[in-house]
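Written out below as structure tokens is the structure these notes cover.
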Amino acid sequence: MAQIYVHSHHGNEVFELQNGNGTEVSIVYNPALATLRVTSHDEQRMFIVEEEESLLQKKLILKNEYGVKIGQMGNEKWHIGRGHIDIEQERFFYKWQKSPATELIIYQDSLSNPLLRSALNADQASSLEQLHRRSGAGQCLLMALCWHLFLPVSREHSLSHAV
């Protein structure tokens, strides 16, 4: 099973998705600039994160380094810890599961067939929940992971994540 490691470095929130072979994706969120730097499969990208408010809900918008919208995130009002993320023309669903252990599940068609299932230890889970409430870092983590899963090279390896 993949593991997400969380730590802070010079005011940035750093997330690393690691599997048995080492770090697969590294995500650095800068809350002051509202940017994400993602390193995945020898590819580095920078994204801009913006919040868009409507009458009914807030949306988090993901833009590439040129300011072009490539994705957005919506939360389910009736289910805490669940929602969807659209990257390009594909929709991903996520679920934070807290029992028996805290883990993040990202899937497309069925929860029983996840693209990513990643564990968090208790300290990381509580710090991620605090980050999620404080700065939206947890939401940025989800959007960056979905972008990573959207890459064709990640599709080839998605079975290794969902063990």
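The values are calculated or read from the model by the stated rules, or taken from the named source; none is laboratory data. Since this is a predicted model, take the numbers as computed values, not measurements. Here Cβ is always computed from backbone atoms with ideal geometry, including for glycine, and neighbour counts include all displayed protein chains. The area values use the complete protein model at the heavy-atom level, side chains included, leaving out ligands, DNA and RNA. Shrake-Rupley method; radii C 1.70, N 1.55, O 1.52, S 1.80 Å.
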Tell me which chymotrypsin sites (Phe, Trp or Tyr not before Pro) from region 23-81 have a DSSP coil assignment and no more than 16 other beta carbons within 10 Å of their own. Y66, W78
Just how much of S8 is accessible, in Å², when a 1.4 Å probe is used and the result is rounded to the nearest 10? 80
With every protein chain left in place and a probe of 1.4 Å, what is the accessible surface of M46, to the nearest 10 Å²? 50
Compute the Kirkwood hydrodynamic radius of region 1-49, taking the inverse of the mean of 1/r over all pairs of distinct Cα atoms, and give it in Å to one decimal. 11.2
Any chance you could list the semi-axes, whole Å, largest first, of the equivalent ellipsoid that the Cα gyration tensor gives for region 59-103, using √(5λ)? 25, 11, 9
For region 1-71, the per residue accessible area (1.4 Å probe, Å²) is 60
With DSSP loop assignment and no more than 12 other C-beta atoms within 10 Å, the GluC sites (Glu not before Pro) in region 35-68 are E65
